[in-house]
1. Net charge near residue 157: determine it from the other residues with C-beta under 12 Å of the C-beta of residue 157, scoring Lys and Arg +1 and Asp and Glu -1.
2. Given the peptides 153-165, 73-85, 40-52, arrange them by the average over their residues of other C-beta atoms within 10 Å, most packed first.
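What follows is calculated from the coordinates using simple rules that are stated; it is not laboratory data. These numbers come from a predicted model, not from an experiment. Backbone-built Cβ (ideal geometry, glycine too); neighbour counts: all protein chains shown.
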Amino acid sequence: MTTDRAGAAMPSTRLEGAAELAGFGFDRPSVARVWNSMLGGKDNYPPDERVVLELEQLAPGQPAAARASREFQQRVLWYLVSTAGVRQFLDLGAGLSFPEPGRMNTHQVVNTVRGVAEADRATVVYIDSDPVCVAHGRALLTNGQSHYLPRDITDPHLLHDPAVATYFDLDHPICVLLCGVLPHLDDRLDPAGIVHGRAEVLPPGAFRVLTHLHDPGGLLHRTAAVCQT
């Protein structure tokens, strides 16, 4: 995180470096950066912020929904580690990791649960197809039990991809997270089929955690219909 001469907040130079290496610019909005902005992060740019403002006008409450999704995710992670004893997590469509204190990523949540011995710390594998997210995430990971891989989250064989499977023991429970991801998948990609497909390949005792937007009907429903025409 840096500031300009006027003291205004600007995205981190780490993100800029990751984008440069990946050959990406910031002249167009990114789903990952828009989500980062709605969660109060700093790794976003004016095109992303404009999308957030437009979303708030078309469907009020989007930032609040994003925060509710992240808070639910964190509560579930605490439960799975402290009560269910899960020690393996696959975070699909992970997006941009948060470097700011207090904005805990999956690996930080699962490894700060009290009573978990150092030798029993959880393994976390983040997956995203955005090379900027991957490069940025890798730069922030400082322990040997957390990994960020560039992969297609719609691949039904993802869990058995050697680059992914090498970090997991499929004889023990694993948790697959799809938080805030499915709304961004086109119907032609069959989001429901992706969820069901994960269930078929997961080992016994596995968990799936997902969050999704909900249309409460009424005026918001009519607004959504107009936006789709």
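1. Net charge in that neighbourhood comes out at -2.
2. Order by mean packing, descending: 40-52, 73-85, 153-165.
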